[in-house]
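Encoded as structure tokens, the structure appears first; notes follow it.
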Amino acid sequence: TCDDILNLKAKTKLFFQILLVFITIILVDIKIENIGYFPILSSLKLGYLAIPLTIIGVCGFINAINMIDGSDGVAGSLMIVAMIGILLKSFPLEDYIFFYVLLSLISALIPFLFFNIFGTLNNKIFLGDGGSLFLGFIIGFILVYNSQNIDGFTATYALWCNATIIFDFFSVIILRKNQGRPIHIATNDHIHHLLGDLGLSKKIILIMIVSSGVAFLAIGYLLETNFKAFSFPVFIILFIIYFFSKLLLISNNKNLSKKL
């Protein structure tokens with residue numbers, strides 16, 4: 001992983017991400033060809049927009065995982081939650097081609113997380129950009145494939161599998177754009193930073209973030225199974241709540257800093 005060694009610029013990394021995603025689309029023909037589950041959208045074919053939309057979606061997902069990888073165990077644990085969510089809607093299929101891929105990734109992440117969370121100076125390991133970008137690439141394409149080929153696995157359910165990651169990604173972008181800062185410059189505006197500013201330990205922060213991921217997945221699964229028409233609206237409502245909760249945390253942390 002060249003980025004971990006050479007510390008490539010953000011634009012250089014994005015260029016290679018776009019290139020690799022484009023090549024993958026051409027080679028395996030996995031792309032977003034239709035969107036939504038509403039009657040007006042379910043039969044809408046994207047045509048020539050399929051490839052650029054897939055590139056935007058997968059590259060965005062890759063960078064969302066990379067951006068939330070800022071505290072021990074967070075990105076890896078949320079990826080396990082996402083993969084469990086994928087398997088919940090896919091496992092009954094006997095010919096599901098990604099079953100062993102997902103099982104292998106989960107099996108690899110479990111021991112990694114042990115050393116990442118509990119490791120000491122001599123045996124601690126990190127995901128790094130190489131690990132987070134790789135996971136984002138693989139899971140991103142699996143989500144695209146499932147949303148186009150598996151009954152009951154909608155694009156909205158793919159969002160629910162990664163709700164915490166997506167909520168944090170878009171909230172950070174909005175905050176940085178609103179403050180006139182470049183979105184690719186790392187700052188302490190991710191949820192794990194804000195919770196850390198409250199004085200919470202890394203392990204408590206991990207438990208809170210992963211619990212939110214599990215809760216969002218459970219809500220999404222129930223909505224997709226029983227009240228599909230409400231799934232996306234509820235997703236948007238929860239994102240708004242998440243965003244304003246972050247604003248309250250930021251305001252609270254600023255007030256604490258002034259008192260100190």
Original post:
Is there a residue being of a type in the set (S, T, N, Q) and over 18 Å from the mean Cα position of the chain (by Cα) anywhere in region 205-221?
Top reply: no
**OP:** Within region 236-254, identify whether any single residue is in contact (Cβ under 8 Å) with a residue 60 or more places away in the chain, farther than 20 Å from Ser171 by Cβ, part of a helix (DSSP H, G or I) and of a type outside the set (Asp, Glu), and answer yes or no.
**Re:** no
Original post:
Taking region 114-158 as the region of interest, how many residues are charged (D, E, K, R) and part of a loop (DSSP other than H, G, I, E, B)?
Top reply: 2
**OP:** Look at region 37-66 and say how many of its residues are buried (at least 20 other Cβ atoms within 10 Å of the Cβ) and at pLDDT below 90.
**Re:** 1
Original post:
In the list Phe141, Phe170, which residue meets the criterion of being open to solvent by less than 50 Å² (accessible area, probe 1.4 Å) and out of contact with any His (no Cβ under 7 Å at 6 or more places or on another chain)?
Top reply: Phe141
Original post:
Got at least one residue in region 205-212 being among the hydrophobic types (A, V, I, L, M, F, W, C), open to solvent by 70 Å² or more (accessible area, probe 1.4 Å) and within 19 Å of Ser251 (Cα to Cα)?
Top reply: no
Subject >> Looking only at region 119-136, and only at residues there that are open to solvent by 50 Å² or more (accessible area, probe 1.4 Å) and not charged (D, E, K, R), the one that is modelled with the highest pLDDT >> reply: Phe134
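The values are calculated or read from the model by the stated rules, or taken from the named source; none is laboratory data. Everything numeric in this text was worked out from a predicted model, so none of it was measured. When we count neighbours, we look across all protein chains shown, and the Cβ atoms used for this are built from the backbone with ideal geometry, even at glycine. For the accessible areas, the whole protein counts, side chains as well, though only heavy atoms, and no ligand, DNA or RNA atoms are used. Shrake-Rupley method; radii C 1.70, N 1.55, O 1.52, S 1.80 Å.
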